[in-house]
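> I have a structure here, written as structure tokens, and I will follow up with some questions on it.
Any read-out appearing in this document is the output of simple, stated calculations on the displayed coordinates, not a laboratory observation. Since the structure is predicted, the reported quantities are computational estimates derived from the model, not experimental observations. Glycine gets a Cβ as well: all are built from the backbone with ideal geometry, and neighbour counts include every protein chain shown.
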Amino acid sequence: MTLKFSDLTLHPLLIQSAADLGFQTPTEVQSRVIPIMLDGKDVLVQSQTGSGKTAAFGFPVLNDLLINEHAKSIHTLVLTPTRELAIQVADAVELYGRLQKVRVLPVYGGQHYGTSIRKLKEGVDVVVGTPGRLQDLIRRHILDLSHIRTMILDEADEMLSMGFVDDVENILKETPDQRQTALFSATLPTQIRRLAEKYLNQPEQVILQHKELTVDTVNQRFYLVREKDKLAALTRLFEVEDIGSTLIFTRTRIGSSRLANDLIQRGFAAEALNGDLAQEARLRVLNRFRGGQVKVLVATDVAARGLDIDDITHVFNYDIPEDPEAYVHRIGRTGRAGKDGVAISLLTPKDKRYLSRIEVYTKHRIQQAQLPTEKDIQERRDLKLLEKMEVWLERDRCTREQELAEYMIASGYDPVKVAAAALKMARKGLADHPLERISPVQFKESRTKFKRGKNKPHRKGRSSRQGQFQRTASVREKGMVRLSIAKGREHGIKPGEIVGGIASVADIPGFGIGRITINEKTTLIDVQKEYVPAVLKRSGSYHFRNNHKVTIQQFSN
Ligand code: AMP
């Protein structure tokens, strides 16, 4: 049976804190270390980063602060090798102990002494710091460790390999002999064992086996995006990744169908693997996927059950799963049989806790990556165009086209200009869609920095983007001006061409174009107010399919 936090004889406030943070069950290091520390014993722990070790020592310390009377002095000192870890640990302990208003002070080189002095005077329960600065504070008589009850050495092997061994020992000597000591280290080389022998009192040992739940052949990373920008982000990634057979996971069945449709509209051969599909239809979809006619399959965990295909190059978590086991299961679909695979997760800021759970469960840090910029995509498109051209140059089978080029050159055109014009025409044929802007986003700390300014152009979400392709006349969207062209269905006008055609000629972003209504002889196009002058300025130079020099004007009814 899995242990619960309530089984660990922790103070109710801490059980509440764990529940508030969404920690359902203690991690292995927590369930093994917390009881030892609650017993007041010393402990030597071998565990990895991301195993949940901060709570493994944090909870017992916070528990002691809650149940025992203490003098005003510092209760616990946590020693960390780096400033980053000091901040991270201090934040975590403060978070775990927020219900009891624990006072935590991180100290590291480069800080103003004044702040530390003031905070220490006001009273601090837990100090988290790097060896250099701690020693400095001791020497200046700012920090007094003579009454601490608990001492934690975090990432001890790192501290030693950074050459801090003397500093660590000097600090330990400043603390009382009867303190409780916990030493955490990813590895246990002789030097660490020696340190433990010298400074720990009959420690219990907790050795955690590093179980590989995910395989090295899968490159795992995540991108931080807002929910409304997920589709735009996915589309960008599709352009730069070498996508082969791809599986995309969504949280809901409806979400999977909607996403498959959105991708089709953007020119990607996608299909939803729907749990409701009859067995025969499901097999048809799977065969198309296996055969490569469908490159992208969008599914929920339920719909993908039993799916056993070897050559999947990419797994996308369009929605991150709440259950870490589901994550492992999903990404295990790629990187099989010794081949490399890519597992990409799109995360919104509020998904951070699910990411942590996955990292704890898989014992693997998932790296954050940056989305390709518009410039990256343009470069990639250029590269693809040049690669295509190289293929034709190698084939050397353009005799008729060569005659045409020679004719143009003989007529006085510059050869480079002729080639450039041909490339421009070829690019049009590739039907690259206009790029949608993606607003930057960060986790918690900086989230507030990106408040949308009043003057920022209104950014269209997925629902309005879908609306763009509706053919029925409807109410104009807010902030939009309706324009019209004297070409319609009978002239072969298609909505996809309108967006690309107008955006590229008028040099405006695709999201500046709203609803498009194609009638028999005319087409109505809603354009965001601020882009209207740019669009009207190029009137007469638009071309859609066989319709050249199309004029565009303000619509009046
Ligand atoms: P740590 O190894 O302490 O840096 O923890 C790694 C991540 O795991 C942190 O983001 C914690 O919030 C998260 N975490 C710690 N304990 C648990 C738990 N019992 N359940 C889920 N997540 C946890």
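> Would you mention how many residues in segment 86-145 are crowded, with 19+ Cβ neighbours inside 10 Å, touching a Gly at 6+ places or on another chain (Cβ under 7 Å) and hydrophobic (A, V, I, L, M, F, W, C)?
3
> Checking LEU404 against (1) assigned to a helix (DSSP H, G or I); (2) within 16 Å of the ligand (Cβ to nearest atom), which test does it fail?
(2)
> Another question, then. If you take the residues in segment 1-34 that are crowded, with 18+ Cβ neighbours inside 10 Å and of a type in the set (D, E, K, R), which one is farthest from the ligand (Cβ to nearest atom)?
ARG32
> If you don't mind, there's one more thing I want to ask. On the basis of being within 16 Å of the ligand (Cβ to nearest atom) and not polar (S, T, N, Q), does LEU143 make the cut?
no
> Could you count how many residues in segment 90-124 are farther than 19 Å from ASP136 by Cβ and either touching a residue at least 40 places away in the same chain (Cβ under 8 Å) or in a helix (DSSP H, G or I) (or both)?
Count: 13.
> Here are the criteria: (1) surrounded by 17 or more Cβ atoms within 10 Å (Cβ to Cβ); (2) assigned to a helix (DSSP H, G or I); (3) away from the ligand (no atom under 15 Å from the Cβ). Tell me which single one ILE74 does not satisfy.
The one condition ILE74 does not meet is (2).
> Sort out which residues of segment 45-69 are assigned to a helix (DSSP H, G or I), of a type in the set (A, V, I, L, M) and more than 7 Å from the ligand (Cβ to nearest atom), and write them in order of number.
Within segment 45-69, ALA56, VAL61, LEU62, LEU65, LEU66, ILE67 qualify.
> Regarding TYR96, is this residue of a type in the set (Phe, Trp, Tyr), away from the ligand (no atom under 16 Å from the Cβ) and over 20 Å from ARG365 (Cβ atoms)?
Working: of a type in the set (Phe, Trp, Tyr): yes; away from the ligand (no atom under 16 Å from the Cβ): no; over 20 Å from ARG365 (Cβ atoms): yes.
It is false that TYR96 is of a type in the set (Phe, Trp, Tyr), away from the ligand (no atom under 16 Å from the Cβ) and over 20 Å from ARG365 (Cβ atoms).
> While we're here: Which condition breaks for SER345 when tested against (1) crowded, with 20+ Cβ neighbours inside 10 Å; (2) away from the ligand (no atom under 16 Å from the Cβ)?
(2)
> Can you find a residue that is more than 16 Å from the ligand (Cβ to nearest atom), surrounded by 14 or more Cβ atoms within 10 Å (Cβ to Cβ) and touching a residue at least 40 places away in the same chain (Cβ under 8 Å) anywhere in segment 349-368?
Taking every residue of segment 349-368 in turn, none turns out to be more than 16 Å from the ligand (Cβ to nearest atom), surrounded by 14 or more Cβ atoms within 10 Å (Cβ to Cβ) and touching a residue at least 40 places away in the same chain (Cβ under 8 Å).
> A further question follows. Within segment 35-44, does at least one residue satisfy the condition of being within 14 Å of the ligand (Cβ to nearest atom), hydrophobic (A, V, I, L, M, F, W, C) and surrounded by 23 or more Cβ atoms within 10 Å (Cβ to Cβ)?
No, because not a single residue in segment 35-44 is within 14 Å of the ligand (Cβ to nearest atom), hydrophobic (A, V, I, L, M, F, W, C) and surrounded by 23 or more Cβ atoms within 10 Å (Cβ to Cβ).
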